[in-house]
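Chemist: Let me begin by handing over the structure; questions about it come next.
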Amino acid sequence: MLKEAHFCFYGELNDFLPEGKKSSFFRYRYSGSPSVKNVIECIGVPHTEVDLILVNGKSVMFSYRLKEGDRILVYPLSARINMPQGIHLAERNTSGVRFILDVHLGKLARLLRLLGLDTLYESDYSDREIVQLAASEGRIILTRDIGILKLNDVNRGYWIRAQDPKKQLIEVLTRFDLFSRLKPFRRCIVCNGIIQQVQKESVIDALDCMTKESYNEFYQCESCKKIYWKGSHYYRMKSFVEQLLNSQ
């Protein structure tokens, strides 16, 4: 015989639900005694998006087993519910935050690196490689694939809602409260390595004639050795960064 519990999801968690279930209680029928984590993901919400779960008014862990008649409220981190005895499930410490992105987010990866954020990305990463690197290096998975975030080995992740790269960037900076922690032009946008200023003589053989004649200040990625200088492309990027920061 099937049992019943009632769920209500708040805030951006409703992005994962059909219209009839958004921000209102709905019935969920089940058998056995599944964990609340498994049921939340069966409903469609990745566990990485959840911060607080209240069952009959009491805060619980993901391992809580459903009981007949439970009334379950599920909150995202943005809800910022202040409960002295609440069990917050989402990571709140964003100091030293590091990301790994899936294959759909190459343009976002370059923008995050432009702002100095440690961002791993390769166009041929498999889902398993992403999960393993995230676990071994303490990285947050950013993805357009909800399925990755439902894998058991994933602890920290976020589903990107926007499709435009610049809107995706603002979404990430807002979600992880990163606007005050940016260090633009510190990382290589190609490989994520650290950029350092170098003497012109050390890179002159790799420069074309026009660049040699027009510029004297150069920077180089310590990892892939890509060379940077303050040409027109730099000033376009600088303008973009300034507009981004001034908008906040």
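Chemist: Does residue 21 meet the test of being farther than 25 Å from residue 155 by Cβ, surrounded by fewer than 19 Cβ atoms within 10 Å (Cβ to Cβ), basic (Lys, Arg) and not assigned by TED's automatic domain parsing to the domain that holds residue 172?
Modeler: On the way: farther than 25 Å from residue 155 by Cβ: yes; surrounded by fewer than 19 Cβ atoms within 10 Å (Cβ to Cβ): yes; basic (Lys, Arg): yes; not assigned by TED's automatic domain parsing to the domain that holds residue 172: yes.
Yes, satisfied.
Chemist: Here is a further query. Considering every residue within the range 161-180, establish whether at least one is buried (at least 16 other Cβ atoms within 10 Å of the Cβ), touching a strand residue (DSSP E or B) at 6+ places or on another chain (Cβ under 7 Å) and outside any helix (DSSP H, G or I).
Modeler: No: zero hits.
Chemist: Name the residue, out of 70, 102, that is over 30 Å from residue 192 (Cβ atoms) and acidic (Asp, Glu). Give the steps one after another, and end with the answer.
Modeler: On the way: 102 fails: over 30 Å from residue 192 (Cβ atoms).
Unique residue meeting the criteria: 70.
Chemist: Being in contact (Cβ under 8 Å) with a residue 40 or more places away in the chain and over 14 Å from residue 10 (Cβ atoms) is the filter here, so list the residues in the range 45-87 that pass it.
Modeler: Across the range 45-87, the qualifying residues are 46, 47, 48, 66, 67, 68, 69, 70.
Chemist: Do we find a residue being closer than 18 Å to residue 113 by Cα and surrounded by 14 or more Cβ atoms within 10 Å (Cβ to Cβ) anywhere in the range 145-153? Don't jump to the end; show me each part of the working.
Modeler: First, pick out the residues of the range 145-153 that are closer than 18 Å to residue 113 by Cα: none.
Checked against the condition, which is being closer than 18 Å to residue 113 by Cα and surrounded by 14 or more Cβ atoms within 10 Å (Cβ to Cβ), the range 145-153 yields no hits at all.
Chemist: Being touching a Ser or Thr at 6+ places or on another chain (Cβ under 9 Å), β-branched (Val, Ile, Thr) and either assigned by TED's automatic domain parsing to the domain that holds residue 228 or crowded, with 16+ Cβ neighbours inside 10 Å (or both) is true for just one of 141, 195. Which residue is that?
Modeler: Values: 195 fails: touching a Ser or Thr at 6+ places or on another chain (Cβ under 9 Å).
141 is the lone residue from the list that is touching a Ser or Thr at 6+ places or on another chain (Cβ under 9 Å), β-branched (Val, Ile, Thr) and either assigned by TED's automatic domain parsing to the domain that holds residue 228 or crowded, with 16+ Cβ neighbours inside 10 Å (or both).
Chemist: Which one of 61, 1 is in a loop (DSSP other than H, G, I, E, B), surrounded by fewer than 12 Cβ atoms within 10 Å (Cβ to Cβ) and under 24 Å from the mean Cα position of the chain (by Cα)?
Modeler: Unique residue meeting the criteria: 61.
Chemist: Filter the range 4-29 for residues that are touching a strand residue (DSSP E or B) at 6+ places or on another chain (Cβ under 6 Å) and not hydrophobic (A, V, I, L, M, F, W, C) and give the result.
Modeler: 4, 6, 10, 27, 28, 29 - these are the residues of the range 4-29 that are touching a strand residue (DSSP E or B) at 6+ places or on another chain (Cβ under 6 Å) and not hydrophobic (A, V, I, L, M, F, W, C).
Chemist: Moving on. Checking the structure you have, find out if any residue of the range 51-58 is of a type in the set (A, V, I, L, M, F, W, C), surrounded by fewer than 18 Cβ atoms within 10 Å (Cβ to Cβ) and within 27 Å of the chain's Cα centre (by Cα).
Modeler: Checked against the condition, which is being of a type in the set (A, V, I, L, M, F, W, C), surrounded by fewer than 18 Cβ atoms within 10 Å (Cβ to Cβ) and within 27 Å of the chain's Cα centre (by Cα), the range 51-58 yields no hits at all.
Chemist: Continuing with the same structure: Could you tell me which residue of the range 90-101 is surrounded by the most Cβ atoms within 10 Å (Cβ to Cβ), considering only residues that are over 20 Å from residue 185 (Cα atoms) and out of contact with any helix residue (DSSP H, G or I) (no Cβ under 6 Å at 6 or more places or on another chain)?
Modeler: Of everything passing the filter in the range 90-101, 91 is surrounded by the most Cβ atoms within 10 Å (Cβ to Cβ).
Chemist: Looking at (1) surrounded by fewer than 17 Cβ atoms within 10 Å (Cβ to Cβ); (2) touching a residue at least 24 places away in the same chain (Cβ under 8 Å), find the lone condition where residue 112 falls short.
Modeler: Unmet for residue 112, out of (1) surrounded by fewer than 17 Cβ atoms within 10 Å (Cβ to Cβ); (2) touching a residue at least 24 places away in the same chain (Cβ under 8 Å): (1).
Chemist: Now for a separate question. Of all residues in the range 76-110 being modelled with pLDDT under 95 and in a helix (DSSP H, G or I), which is farthest from the chain's Cα centre (by Cα)?
Modeler: Among residues in the range 76-110 that are modelled with pLDDT under 95 and in a helix (DSSP H, G or I), the one farthest from the chain's Cα centre (by Cα) is 79.
Chemist: Restricting the first residue to the range 161-187 and requiring it to be within 11 Å of residue 112 (Cα to Cα), which pairs with a second residue that is modelled with pLDDT under 95 and in a helix (DSSP H, G or I) meet a Cβ separation below 6 Å and a spacing of at least six or different chains?
Modeler: If the second residue must be modelled with pLDDT under 95 and in a helix (DSSP H, G or I), the pairs left are 173/179; 184/241.
Chemist: Looking only at residues that are outside any strand (DSSP E or B) and not small (Gly, Ala, Ser) in the range 133-146, which one is nearest to residue 171 (Cα to Cα)?
Modeler: Taking the range 133-146 as the starting set, the residues that turn out to be outside any strand (DSSP E or B) are 133-139, 144-146.
With not small (Gly, Ala, Ser) added as a condition, the list becomes 133, 137, 139, 144-146.
Values: 133: 23, 137: 23, 139: 18, 144: 13, 145: 16, 146: 16 Å.
The selected residue is 144.
Chemist: Return the residue satisfying two criteria in turn: it lies in the range 111-132 and is assigned to a helix (DSSP H, G or I) and in contact with a Phe, Trp or Tyr (Cβ under 8 Å, 6 or more places away or on another chain), and of such residues it is farthest from residue 172 (Cα to Cα).
Modeler: As a first pass, look at the range 111-132 and keep what is assigned to a helix (DSSP H, G or I): 111-114, 127-132.
Subset that is in contact with a Phe, Trp or Tyr (Cβ under 8 Å, 6 or more places away or on another chain): 112, 114.
Details: 112: 9, 114: 14 Å.
Checked the range 111-132; the qualifying residue farthest from residue 172 (Cα to Cα) is 114.
Chemist: When you scan the range 187-248 for helices (runs of 4 or more DSSP H) that lie fully inside it, which ones turn up with 2 or more residues that are within 28 Å of residue 170 (Cα to Cα)? I'd like the intermediate steps shown before the answer.
Modeler: Values: elements: 200-203, 209-214, 232-246.
Result: 232-246.
The values are calculated or read from the model by the stated rules, or taken from the named source; none is laboratory data. Because the structure is predicted, anything quoted here is derived from the model rather than measured. Reconstructed Cβ throughout: ideal geometry from the backbone, glycine too, with neighbour counts over all protein chains shown.
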